[in-house]
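Q: Take a look at the following structure, please.
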Amino acid sequence: MRPVCVKCQCEMRCTKTGADIIVMSDGKPYQIWVGDIFGCLGCGVEIVTGWGNKPWKLSHEPNFDDLVNRLESSPSHRVEYVYEKPTPKGGNDAPD
Ligand SMILES: [Zn+2]
């Protein structure tokens, strides 16, 4: 069963498989996961789901920052961010 948008009462559609999900900590990239993006055809809300069992890169691993930069600048990758608290999309700073 696909995720359901409660607001629109319909199943969401997968819009991207294998998106790069960067988990932020203290405003900096901390982990990179792979997940799927599902969207609602009604209201347009999108969610990340289909996470694996563990991140594929951690910030203490070699070349982590270079990898983040490559993903962020690659037109073939979709990168989304996960902050500890709600953050307006496009914001670079996690709220305090
Ligand atoms: Zn909806």
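The values are calculated or read from the model by the stated rules, or taken from the named source; none is laboratory data. None of the values given here were measured: they were computed from a predicted structure. Quick reminder, even Gly has a Cβ in these numbers, built from the backbone with ideal geometry, and neighbours come from all protein chains shown.
Q: If I go through the range 61-85 residue by residue, how many of them are over 13 Å from the mean Cα position of the chain (by Cα) and either within 30 Å of CYS10 (Cα to Cα) or within 16 Å of the ligand (Cβ to nearest atom) (or both)?
A: 2
Q: Restricting the search to the range 31-60, which residues are closer than 19 Å to ARG78 by Cβ, away from the ligand (no atom under 16 Å from the Cβ) and not polar (S, T, N, Q)?
A: ILE32, TRP33, VAL34, GLY35, ASP36, GLY50, TRP51, GLY52, PRO55, TRP56, LYS57
Q: Select from the range 8-31 the residues that are among the aliphatic types (A, V, I, L, M) and in contact with a Phe, Trp or Tyr (Cβ under 6 Å, 6 or more places away or on another chain) and list them in ascending order.
A: Once the filter is applied, which keeps residues that are among the aliphatic types (A, V, I, L, M) and in contact with a Phe, Trp or Tyr (Cβ under 6 Å, 6 or more places away or on another chain), the range 8-31 yields MET12, ILE21, ILE22, VAL23, MET24.
Q: Let me ask something else. Only residues in the range 10-22 that are of a type in the set (Asp, Glu) count as the first member; pair them with residues that are not in a strand (DSSP E or B), Cβ under 8 angstrom, at least 6 apart or cross-chain, and list the lot.
A: Every condition considered, the pairs that remain are GLU11/MET1; GLU11/ARG2; GLU11/PRO3; ASP20/LEU71; ASP20/HIS77; ASP20/ARG78.
Q: Something else now. Any chance you could count how many residues in the range 1-27 are modelled with pLDDT under 95, of a type in the set (D, E, K, R) and under 19 Å from TYR83 (Cβ atoms)?
A: Final tally of qualifying residues: 1.
Q: Something else now. Go through the range 2-30 residue by residue and tally those that are aliphatic (A, V, I, L, M) and within 16 Å of the ligand (Cβ to nearest atom).
A: 3
Q: Looking at the structure I just gave you, is LYS89 modelled with pLDDT of 95 or more and of a type in the set (D, E, K, R)?
A: When the stated conditions are applied, LYS89 does not pass them.
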